[in-house]
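Q: Below is the structure I would like to discuss, written out as structure tokens.
What follows is calculated from the coordinates using simple rules that are stated; it is not laboratory data. Everything quoted here is computed from the prediction, not taken from an experiment. Cβ placement follows ideal geometry from the backbone for every residue including glycine, while neighbour counts extend to all protein chains displayed.
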Amino acid sequence: MIVDCHTHMDPSADETALTTHLMAAEMVDACIVLACPGPDRHEINERLSRYVSGHKDKMVGFALLDPTEDNVTDKTLRTITDKLGLAGVVLYCATHGFHPMHSRAVRFYEAAQEMRLPVFFHNADLDPSSQGALAYVQPHLLDEAARAFPNLKIVIGGMGAPFVDQTLAVLARNQNVYADLTIKPNNVWQTYNMVVAAHECGVMDKLVFGSGFPAGNAADCIETLLGFNMLLADTNLPTVPRSSISNVVERNSLDVLGIKHVIEGAGR
């Protein structure tokens, strides 16, 4: 089963953009749709809920929260799951300008762990034009949260780029932390180094597949990954067993993250 665990739906998207997302989703068995950052988080989550609820056989949604600004309580989180039907939460620490171990964020992790809500940290590849704090992007900051809340499922988005080595160290130390292997197929050297480093660190089993849509699409990413050892075929550089890469692409990240969701064709 192929699950794209990293796609986005812009709350202001028009019909053309939504159709493009639906077409991209046809390439996989299921996809996680992450809410995009914006000022009206309640409206963003409402729109995301309406979108994914219309495609329950294919999609699950992750709500947008800023634990330093939002009144995060058990009731709030139950609204996300029970009323909106969303399956997790996405945090943008750099964009929203808070340290991952901010006291209010820590209280959120405690509540999320209690409710078994996975948390996706979307901090990688901060846009150069963004005013977000680069200091809050670094994956090593999540190590303390992972150890304090061992039953909280955490995903480090985009391999935590540009701090991939930090991501690999956090994955190796914490059973409850995963990273999504969202690549840029045209960035051959970056893709090569990322995958080889994960293989050499022995954490390929901690990676889940993501496309980063709309920045990328599942078809191109899957083709690049499955043909990984051909990227630099004319060199004597190390390779990675194709089975290890296939396992990442075909890993059921919904199951990994404890998301109970009925997907048509699951188990194929």
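Q: Given Asp82, Asp66, Asp70, which one is outside any helix (DSSP H, G or I), of a type in the set (Asp, Glu) and either over 23 Å from Gly132 (Cβ atoms) or under 18 Å from the mean Cα position of the chain (by Cα) (or both)?
A: Numbers: Asp82 fails: outside any helix (DSSP H, G or I); Asp70 fails: either over 23 Å from Gly132 (Cβ atoms) or under 18 Å from the mean Cα position of the chain (by Cα) (or both).
So the residue among Asp82, Asp66, Asp70 that is outside any helix (DSSP H, G or I), of a type in the set (Asp, Glu) and either over 23 Å from Gly132 (Cβ atoms) or under 18 Å from the mean Cα position of the chain (by Cα) (or both) is Asp66.
Q: A further question follows. Go through the range 85-123 and give me each residue that's part of a loop (DSSP other than H, G, I, E, B), at negative phi and touching a residue at least 40 places away in the same chain (Cβ under 8 Å). Explain how you work it out, then say what you get.
A: Going residue by residue through the range 85-123, those that are part of a loop (DSSP other than H, G, I, E, B) are 85-87, 92, 97-102, 116-118, 122-123.
Filter once more, keeping what is at negative phi: 86-87, 92, 98-102, 117-118, 122-123.
Listed by number, the residues that qualify are Leu86, Ala87, Tyr92, His99, Pro100, Met101, Leu117, Pro118, His122.
Q: Another question, then. Out of curiosity, is Pro238 surrounded by fewer than 20 Cβ atoms within 10 Å (Cβ to Cβ), within 22 Å of Phe121 (Cα to Cα) and touching a residue at least 40 places away in the same chain (Cβ under 8 Å)? Break it down stepwise before answering.
A: Numbers: surrounded by fewer than 20 Cβ atoms within 10 Å (Cβ to Cβ): yes; within 22 Å of Phe121 (Cα to Cα): no; touching a residue at least 40 places away in the same chain (Cβ under 8 Å): yes.
Considered against the rule, which asks whether it is surrounded by fewer than 20 Cβ atoms within 10 Å (Cβ to Cβ), within 22 Å of Phe121 (Cα to Cα) and touching a residue at least 40 places away in the same chain (Cβ under 8 Å), Pro238 comes out as no.
Q: Right, something else. What pairs can you find where one residue is in the range 144-155 and free of Cβ contacts under 8 Å to residues at least 60 places away in the same chain, the other is assigned to a loop (DSSP other than H, G, I, E, B) and not hydrophobic (A, V, I, L, M, F, W, C), and their Cβ atoms are less than 7 Å apart, with a gap of 6+ or different chains?
A: Ala145/Pro100; Ala146/Asn174; Ala146/Asn176; Arg147/Asn174; Pro150/Asn176; Asn151/Asn176; Leu152/Asn176; Ile154/Asn176
Q: Still on this structure: Would you point out which residue out of Thr79, Thr68 is β-branched (Val, Ile, Thr) and surrounded by fewer than 16 Cβ atoms within 10 Å (Cβ to Cβ)? Step through it out loud before you land on a result.
A: Working: Thr68 fails: surrounded by fewer than 16 Cβ atoms within 10 Å (Cβ to Cβ).
Within the list Thr79, Thr68, the selection yields Thr79.
Q: Does the range 11-25 hold any residues that are in contact (Cβ under 8 Å) with a residue 40 or more places away in the chain and surrounded by fewer than 19 Cβ atoms within 10 Å (Cβ to Cβ), and which are they?
A: Matches in the range 11-25: Ala17, Thr20.
Q: If I go through the range 26-53 residue by residue, how many of them are farther than 30 Å from Gly97 by Cβ and without any contact (Cβ under 8 Å) to a residue 60 or more places away in the chain? Reasoning before the result, please.
A: Taking the range 26-53 and keeping what is farther than 30 Å from Gly97 by Cβ, we get 26-30, 53.
From what is left, the residues that are without any contact (Cβ under 8 Å) to a residue 60 or more places away in the chain are 26, 53.
Total meeting the criteria: 2.
Q: Of these, Thr191, Thr167, which one is surrounded by fewer than 21 Cβ atoms within 10 Å (Cβ to Cβ), of a type outside the set (Phe, Trp, Tyr) and within 19 Å of the chain's Cα centre (by Cα)? Steps first, please.
A: On the way: Thr167 fails: surrounded by fewer than 21 Cβ atoms within 10 Å (Cβ to Cβ).
On inspection, the qualifying residue turns out to be Thr191.
Q: With (1) of a type in the set (A, V, I, L, M, F, W, C); (2) in a helix (DSSP H, G or I); (3) buried (at least 16 other Cβ atoms within 10 Å of the Cβ) as the list, and Ala135 as the residue in question, which single condition is left unmet?
A: It is condition (3) that Ala135 fails.
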